[in-house]
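Participant: Can you keep this structure in mind? I'll have questions shortly.
The values are calculated or read from the model by the stated rules, or taken from the named source; none is laboratory data. Computed from a predicted model, the values in this text were never measured in an experiment. Please note: Cβ atoms are built from the backbone with ideal geometry, for glycine as well, and neighbour counts cover all protein chains shown.
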Amino acid sequence: MVQEGDVIEIGQTIAKLDVPYSALVAFSQNKTEVQNAQLAVEELKKNADVNLAQSKLDVFNAQAQVDEAQTEFDADDSEENQLRLNVAQATLELAKENLDILEESNGVDKDRLAAAESRVTTAMTAMLSAQSAIDSYELKASVGGTVTNINIKAGERITAGIPVITIADFANWEIKTDNLTEINVVNIQVG
């Protein structure tokens, strides 16, 4: 991804292996899951007002059932009417408890919200892990400078520990001499 003579910065990608298809698919699937999980959280929050209104309506309906069951029980104190009254009262209590919970959390069920947010966190972690796997197929410069030598070619296998690209920082190089003439400069060699 670089040529000899290119000036590069720290962290710049200088070589890259082909990323396996499975790693790309995993990243894509996890990214989709993050988006779906975030939508679920937003949907819960968006429906908060509707949930609160429905919960209040449930309390009103449950109270009406209690009143009706009480009227029937007052007219006929049979065991069946007593059971209907008991069920209606229990339903009213459950509706009130649900309303209290939703009023405390502004219309969002805290447990469902926590589960949805946990789903977002899990999906983000999986997506970052998949991204890390993809990133592991890139060789990034650990120093900035100028590419002076490239020892690899596309498709070539390399051995661990063998330098593949040489990077030098010429910014601070200074050569001093007191006996080098312009005529002798052409004769300078490594070593």
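Participant: Could you give me the residue pairs with C-beta distances under 6 Å whose first residue belongs to the stretch 174-189 and is at pLDDT below 85, whose second residue is assigned to a loop (DSSP other than H, G, I, E, B) wherever it lies, and which are 6+ apart or on separate chains?
Facilitator: none
Participant: Cβ-Cβ under 9 Å, sequence separation 6+ or interchain: first residue in the stretch 6-27 and closer than 18 Å to Ile152 by Cα, partner among the acidic types (Asp, Glu) and assigned to a loop (DSSP other than H, G, I, E, B). Which pairs?
Facilitator: Short answer, once both residue conditions are applied: Ile14/Asp6.
Participant: Would you mind stating whether Ile162 is at pLDDT 85 or above, in the same structural domain as Gly5 (by TED's automatic domain parsing) and not in a helix (DSSP H, G or I)?
Facilitator: In short, yes.
Participant: Given the options Glu72, Glu68, Glu79, Glu103, name the one that is farther than 30 Å from Phe27 by Cα, loosely packed, with under 12 Cβ neighbours inside 10 Å and either modelled with pLDDT of 95 or more or of a type in the set (D, E, K, R) (or both).
Facilitator: The conditions single out Glu79.
Participant: With the condition kept exactly as written, say whether any residue in the stretch 36-43 is within 30 Å of Gln131 (Cβ to Cβ), modelled with pLDDT of 90 or more, crowded, with 17+ Cβ neighbours inside 10 Å and in the same structural domain as Gly155 (by TED's automatic domain parsing).
Facilitator: Checking the stretch 36-43: not a single residue is within 30 Å of Gln131 (Cβ to Cβ), modelled with pLDDT of 90 or more, crowded, with 17+ Cβ neighbours inside 10 Å and in the same structural domain as Gly155 (by TED's automatic domain parsing).
Participant: Helices (runs of 4 or more DSSP H) wholly in the stretch 15-116 with at least 2 residues that are within 30 Å of Ile150 (Cα to Cα) and under 41 Å from the mean Cα position of the chain (by Cα) - which ones?
Facilitator: Correct list: 21-46.
Participant: Next question, about the same structure. Consider Gly191 carefully, then state whether it is assigned to a loop (DSSP other than H, G, I, E, B), surrounded by 14 or more Cβ atoms within 10 Å (Cβ to Cβ) and of a type outside the set (A, V, I, L, M).
Facilitator: When the stated conditions are applied, Gly191 does not pass them.
Participant: For the stretch 68-101, give me each residue that is touching a Phe, Trp or Tyr at 6+ places or on another chain (Cβ under 8 Å) and either within 24 Å of Asp49 (Cβ to Cβ) or free of Cβ contacts under 8 Å to residues at least 12 places away in the same chain (or both).
Facilitator: Across the stretch 68-101, the qualifying residue is only Gln82.
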